Ligand code: PRX
């Protein structure tokens, strides 16, 4: 984060109270009520979660122990039997929600489809039977590489219904990235589409799947299922590839939900860390169901009549937890939008809000900052009066963007929930409860009840108010990740031993820097590890570096983030070339394309700087701190005495 942003956050002390009108209808109505809830949860977390689990979810069989905590391995609701697809669908059919809209889909070329709970249930049951017919059994992993269409949601719920863990891979990832993830998850089947619409172009998803699977590169995948979306021509491989619309009508619409053990794996979702290899974050069934359910209900203050819209992609955790599982478990109407704001349709988000009367809108700061640039006339010329609550996620929101969101989109009347959380946490951890906690622009405010959050130093000591430290969580919570798929050691090391356990207390290390102010409000400053956040997308610097050095021209590469007004951060890559290659503009383009091909467009460096050497310590470690300053165009400050060759710095400054 840039110095000016940090300064503006440090000086931020405006306080916004929810309106009386909002409070009257909200679930948790005062700070005192929040604090009571928080204390109840803190003094007896197991009781707190057990009461909610009993009250809010359907169980096929009760658990016999709420929590089995053998740090860092947690089991919640031990031996309980449950199915999240049942909780998201079946149980609503016997209530007044049977014919309520469960899913409203707005397609990119303007097509719309709506599924009631009864209709969505039917589609999910049928598709679950298709999966079974293709040999998928409980425990088999299924890859999902799809556009933002209803079939993505149906596929996820169908996998959950039969107990086949899904691994959704964001449709913007390249064939190479897809192949690595499918292999790591040892997926048996891949669900995809002929193509998807993205910003007026077609993404050739099936073609990428073909590339990923070519020459038996993913030996475990024997079958693919293809949704027809764009209708462009694709090659179907007999025996291996099947059309969704051919199989779906041939199967029964009866498919009882499989009773799953509480701790059965629900999904694997890959995310970037500070090493080159993305981590398969594992979430299990009951705890995740409860945590996404209750956070959605309280934080978005869901009312039965609401139309709720989260703009994330289902390929990320926000899509999993807050488009699909959380809202549907609550019987809400969730909106899925295939499009994205772009030059040819800059007002599309506001059109969707107006058209569907959206009440709750959840998006990312990068989008908000892009909208500010596009101009107030776009939202102001639409009727946004249906909105009553706004949310923000994915990166710190700067107070300027917060104020604009509040005034121009929320008309000054909508509380903003700035929600801090991660793929690993499963659900939102630090956030306002909108009727109860007054907001400060740029602060995610207070921890959710049941979450013991702290700002600590590397020894695990709480730091004084308003001093910077590491954001850490001190006690397990139901939505927490259970392990890194296939690598429990990495799970232990990365998250639970970074801050050494003290007096039997373990700290979950989030990888974020933060401070807590005198009111107990958290201010998240951004990553403290080698992870950069580009337009709300999380990328490991090593991941991008590995992609660069896999090109024959590159001898060495170091990647850092540079502050960007809209994207938050942008990737800058410092590259030294093999002696056989010369630094040219053309080569910069080739290398950028190479990263796009290796990982996907989200990882494409904004800037490549060639350099004869990289600044290193005497022990050979790249001094990223220096590179970050250089990339940001700042004077290199701080200690440079450990630099091995000081002339490197002069060369880099001159941009040679
Ligand atoms: O750095 C934090 C940032 O996003 C990271 C998690 O990224 P990911 O696992 O992809 O999940 C994104 C959606 C939950 C965090 O470590 N982050 C997320 N939300 C916020 C945030 N930083 C500041 N404020 C937030 N509200």
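Each reported figure results from applying straightforward, stated rules to the coordinates on display, with no laboratory input. Computed from a predicted model, the values in this text were never measured in an experiment. Glycine gets a Cβ as well: all are built from the backbone with ideal geometry, and neighbour counts include every protein chain shown.
Explain nothing, just the number: relative contact order of segment 376-465, from Cα pairs under 8 Å at least 6 residues apart, as a whole percent.
Working: 123 pairs, mean separation 20.4, N = 90.
Here the relative contact order equals 23 percent.
If a/c stays under 1.5 just call it rounded; otherwise compare a/b with b/c (prolate if a/b is bigger, oblate if not). Do that for the chain, with a ≥ b ≥ c from the square roots of the Cα gyration tensor eigenvalues.
rounded
Label point 7 Å out from residue 32 along Cα-to-Cβ: which residues of segment 399-441 have amide N under 17 Å? Hits in segment 399-441 for residue 32 at 17 Å: 435-438.
The label point for residue 253 and the one for residue 555, both projected 7 Å from the Cα toward the Cβ, are 6.7 nm apart.
Cα centroid distance between segment 599-645 and segment 111-146, in Å? Cα centroid of segment 599-645 versus Cα centroid of segment 111-146: 47 Å apart.
Measuring between their Cα centroids, segment 473-538 and segment 230-280 lie 29 Å from each other. For segment 400-436, the residues whose backbone nitrogen is under 18 Å from a point 7 Å from the Cα of residue 462, taken along Cα to Cβ, are 430-431. Multiplying the residue separation of residue 134 and residue 578 by 0.36 nm and removing their Cα-Cα distance gives an extension gain of 154.9 nm.
Residue order for 462, 321, 385, fewest other beta carbons within 10 angstrom first, comes to 385, 462, 321. When a/c is below 1.5 the answer is rounded, else prolate if a/b is larger than b/c, else oblate, so apply that to segment 11-150 with a ≥ b ≥ c taken from the square roots of the Cα gyration tensor eigenvalues. Oblate shape, in that a/c is at least 1.5 and b/c is the bigger or equal ratio.
Residue ranges 495-506, 553-564, 607-618 sort as 553-564, 607-618, 495-506 when ordered by packing (mean number of other C-beta atoms within 10 Å per residue, highest first). In a fully extended conformation the segment linking residue 493 and residue 243 would gain 85.7 nm over its present Cα-Cα distance, using 0.36 nm per residue. With both residues required to sit in segment 183-242, DSSP beta bridges show an antiparallel share near 30%. Spin-label model, residue 183 to residue 56: label points 7 Å out along the Cα-to-beta-carbon direction sit 4.0 nm apart.
Given axes a ≥ b ≥ c from the Cα gyration tensor, I'd like to know whether segment 413-496 is rounded (a/c under 1.5), prolate (a/b larger than b/c) or oblate. Oblate.
Packing, taken as the mean count of other beta carbons within 10 Å per residue, orders the peptides 118-130, 404-416 from highest to lowest as 118-130, 404-416. Estimated from helical segments only, the mean residue ellipticity of the chain at 222 nm is -8000 deg cm²/dmol, where each DSSP H run of four or more residues counts as -39500 (n - 2.57). Approximating the spin labels as points 7 Å out from Cα along Cα→Cβ, the residue 13-to-residue 40 distance works out to 3.5 nm. In plain terms, the chain from residue 304 to residue 607 could stretch by 104.3 nm, reckoned as 0.36 nm per residue minus the Cα-Cα distance. Among the DSSP beta bridges whose two residues both lie in the chain, what percent are antiparallel, rounded to the nearest 5? Counting DSSP beta bridges with both partners in the chain, the antiparallel share is about 60 percent. If R0 is taken as 30 Å, the Cβ-Cβ distance between residue 651 and residue 199 corresponds to a FRET efficiency of 0.20. With Cα atoms defining each centre, segment 403-462 and segment 351-400 are spaced 18 Å apart in the structure.
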